[in-house]
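S.K.: Provided herewith is a single structure, encoded as structure tokens, for subsequent inquiry.
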Amino acid sequence: RMSRHAQQLRDHDINPCIAETDASLKCMDDNNSNKNTCTAYFLKYKNCRKFWHDIMMQRRRNGVKPEMPSAEERKKMLESMG
């Protein structure tokens, strides 16, 4: 059984970067934990976290709840950006 924290990390409404997390971990598994090989994956993950963190902080400042948009809302936001 997963801990509550682990469940939240797998929840698409809470964690917007599950795909990037999984891709980074898969790269590490596939390349015997050779970090140099997986730099591009780490960068995508880092950019994803920064992007959604900035959105969350802006929503917090504006009093928007929930602070993290739902998975469906994020999808629409990304589509509107092209």
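The values are calculated or read from the model by the stated rules, or taken from the named source; none is laboratory data. All of these numbers come straight from a predicted model, not from anything done at the bench. Every residue, glycine as well, gets a Cβ built from its backbone with ideal geometry; the counts of neighbours run over all protein chains shown. Each accessible area value is taken on the protein alone, full model and side chains, heavy atoms only, with ligands, DNA and RNA left out. Shrake-Rupley method; radii C 1.70, N 1.55, O 1.52, S 1.80 Å.
S.K.: Measure nothing but the geometry: give the 0 to 90° angle between the long axis through the Cα atoms of 71-81 and the longest principal axis through the Cα atoms of the chain, rounded to 10°.
M.R.: The helix 71-81 is inclined about 90 degrees to the chain.
S.K.: Considering all alpha-carbon pairs of the range 4-80, what whole percent are spaced by more than 22 angstrom?
M.R.: Value for the range 4-80 (Cα pairs over 22 Å): 32 percent.
S.K.: Could you tell me which GluC sites (Glu not before Pro) in the range 1-81 are loop residues by DSSP with no more than 14 other beta carbons within 10 angstrom of their beta carbon? Show your work: numbers first, answer last.
M.R.: Numbers: sites: E20, E67, E72, E73, E79; in loops: E67.
Passing both the DSSP loop test and the Cβ count: E67.
S.K.: Under the rule of -39500 (n - 2.57) per DSSP H run of 4 or more residues, summed and divided by the residues of the chain, what mean residue ellipticity at 222 nm is obtained, to the nearest 500 deg cm²/dmol?
M.R.: -20500 deg cm²/dmol
S.K.: A follow-up question, please. Name the longest site-free stretch of the chain, where the excluded sites are trypsin sites (Lys or Arg not before Pro) in a DSSP loop with no more than 15 other beta-carbon atoms within 10 Å.
M.R.: 11-82
S.K.: Using a ≥ b ≥ c from the Cα gyration tensor of the range 1-44 (square roots of the eigenvalues), is it rounded, prolate or oblate, where a/c under 1.5 gives rounded and otherwise the larger of a/b and b/c decides, a/b for prolate?
M.R.: oblate
S.K.: Further, regarding this structure: Compute the distance in nm between two label points, each set 7 Å from the Cα along the Cα-to-Cβ direction, one at N62 and one at I14.
M.R.: Label at N62, label at I14, 2.5 nm between them.
S.K.: Right, next: Could you compute how much accessible surface M56 exposes when probed at 1.4 Å, giving the result in Å² to the nearest 10?
M.R.: Its accessible surface works out to 40 Å², give or take rounding.
S.K.: Next up: Could you name the aspartates and glutamates in cross-link range of K26, using Cα to Cα under 18 Å and dropping any fewer than eight places away on the same chain?
M.R.: Qualifying aspartates and glutamates at Cα under 18 Å: none.
S.K.: Turning to a different aspect of this structure: On a 0 to 90 degree scale, rounded to 10, what angle separates helix 39-61 from the longest Cα axis of the chain?
M.R.: The two axes meet at around 20 degrees.
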